[in-house]
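J.: Questions regarding the structure given below will be posed in turn.
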Amino acid sequence: MNLKDINVTEVVEQVRAQLKEDKQVTPALRASIELILMVVVMLAERFGLNSQNSSIPPSKDPNRAKTSKASSGKSPGGQKGHQGSTLEQTDSPDEVEILRVDRRRLPEGQYKEVGYQKRQV
């Protein structure tokens, strides 16, 4: 038997009817069972939610139907015969930007200078 085959609300109503008929159940046990039934109904309702019938975004919906994109038939990359080039680092840049760090805003600890990152745009 699969969980999807069970009608949760129907089962809960049957249990509530049996609970109402049974006179030997103590009031404390009756209240506890009602509370458990309420939790079961809430969980079953949450289990049935998805991005189509709730505010869950599709990216967070694990059960969504994922569609694959059709292939365009084109090969990836540049045009045939095109010679690519990479931007070479220069020894004398036009502009150097120095970023200052306010050490007073850093958490307590031992810090040391480890160098810099060199980027060219």
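J.: Would you mind telling me which residue in GLN79, GLN18, GLN110 has the biggest mean-square fluctuation in a Gaussian network model of the chain, where springs connect alpha carbons within a distance under 10 angstrom?
T.: GLN110
J.: Straight-line reach from LYS69: which aspartates and glutamates fall under 20 Å, measuring Cα to Cα and dropping same-chain residues less than 8 apart?
T.: Those aspartates and glutamates meeting the cut-off are ASP61.
J.: Follow-up question, since we're still on this one. Keeping every protein chain present and rolling a 1.4 Å probe, give me the accessible area per residue for the chain in Å².
T.: Computed with neighbouring chains in place, this is 105 Å² per residue.
J.: Okay, moving on. Out of the GluC sites (Glu not before Pro) in the range 14-93, which ones are loop residues according to DSSP with at most 11 other C-beta atoms within 10 Å? Walk me through the numbers before you get to the answer.
T.: Working: sites: GLU21, GLU34, GLU45, GLU88; in loops: GLU88.
Those that pass, being in a loop and sparsely packed, are GLU88.
J.: Could you point to the label whose value was computed as volume of the Cα convex hull per residue in Å³ for the structure here, given (i) 147; (ii) 366; (iii) 216?
T.: This structure yields the entry labelled (ii).
J.: Considering the chain as a Gaussian network with a 10 Å cut-off on Cα pairs, which listed residue, LEU106, LEU37, LEU49, attains the greatest mean-square fluctuation?
T.: LEU106
J.: Let me ask something additional. Leaving out same-chain residues fewer than 8 places away, which lysines sit with a Cα under 27 Å from that of LYS74?
T.: LYS66
J.: In the range 1-64, what trypsin sites (Lys or Arg not before Pro) fall in a loop by DSSP, with at most 11 other Cβ atoms inside 10 Å? Don't skip to the answer; put the middle values down first.
T.: Values: sites: LYS4, ARG16, LYS20, LYS23, ARG30, ARG46, LYS60, ARG64; in loops: LYS23, ARG64.
Filter output for the range 1-64: LYS23.
J.: Also, I was wondering about something else. Rounded to a whole number, what % of the accessible area of the chain do carbon and sulfur atoms account for, probe 1.4 Å?
T.: On the way: 6650 of 12650 Å².
Whole-percent figure for carbon plus sulfur exposure: 53.
The values are calculated or read from the model by the stated rules, or taken from the named source; none is laboratory data. Bear in mind that the values here come from a model prediction, so they are computed numbers and not experimental data. When we count neighbours, we look across all protein chains shown, and the Cβ atoms used for this are built from the backbone with ideal geometry, even at glycine. These accessible areas exclude ligands, DNA and RNA; they are computed on the full protein's heavy atoms, side chains included. Shrake-Rupley method; radii C 1.70, N 1.55, O 1.52, S 1.80 Å.
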